[in-house]
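The block underneath contains the structure these notes are about, expressed in structure tokens.
The values are calculated or read from the model by the stated rules, or taken from the named source; none is laboratory data. Because the structure is predicted, anything quoted here is derived from the model rather than measured. Here the Cβ positions follow ideal geometry from the backbone for every residue, glycine too, while neighbour counts run over all protein chains shown.
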Amino acid sequence: MINNATRRNGLERLIERFGVERLISALPQADVRDALDLVSMQELAVMLGLNYNTLRSRMKDGKIPFPQVRLVRRAFFTRDEADAIAKAWQKQTSLGTNSRKRENA
């Protein structure tokens, strides 16, 4: 049986030789997403109540940040980033709704 120190040493050697990105890209992506609790752009769009293309448009407009985590060719948000974006979006849209109601009154 391999002890923890030997495992850690082996993992550190693999990271030094191949890099974290290469090691992660060799693993099943669904498992990596689950282990890191990542949120796809499609999932974020659902959280915000937006169409995927609307989310992309808001990102291009600078209203929503682009995701920073990349796995192979896809981009993801961390759970903390997604939750913060959803909270800010909810606050922004509720303020916009309230100000429009006041303008129309």
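Applying the criterion of at least 1 residues that are modelled with pLDDT of 95 or more and not hydroxyl-bearing (S, T, Y) to the strands (runs of 3 or more DSSP E) found wholly in segment 10-80 leaves 38-40, 74-78. Across segment 20-68, the qualifying residues are those that are under 19 Å from T78 (Cβ atoms) and polar (S, T, N, Q), and the one among them that is farthest from the chain's Cα centre (by Cα) is S25.
Go through the residues of segment 12-19 one by one and say whether even a single one is within 17 Å of the chain's Cα centre (by Cα) and among the aromatic types (F, W, Y). Within segment 12-19, none of the residues are within 17 Å of the chain's Cα centre (by Cα) and among the aromatic types (F, W, Y). Contact map, segment 78-94: residues that are among the small types (G, A, S) paired with residues that are assigned to a helix (DSSP H, G or I), Cβ distance under 8 Å, separation 6+ or inter-chain. Pairs shown: A82/E43; A82/L44; A82/M47; A86/L44; A86/M47; A86/L48.
Residue check: is F18 loosely packed, with under 15 Cβ neighbours inside 10 Å and in the same structural domain as S94 (by TED's automatic domain parsing)? Taking the combined requirement at face value, the residue does not satisfy it. For beta carbons closer than 9 Å, sequence separation of 6+ or different chains, a first residue in segment 24-46 that is without any contact (Cβ under 8 Å) to a residue 12 or more places away in the chain and buried (at least 17 other Cβ atoms within 10 Å of the Cβ) and a second that is of a type outside the set (S, T, Y) and outside any strand (DSSP E or B), the qualifying pairs are A45/N51; A45/N53; A45/L55; A45/R56.
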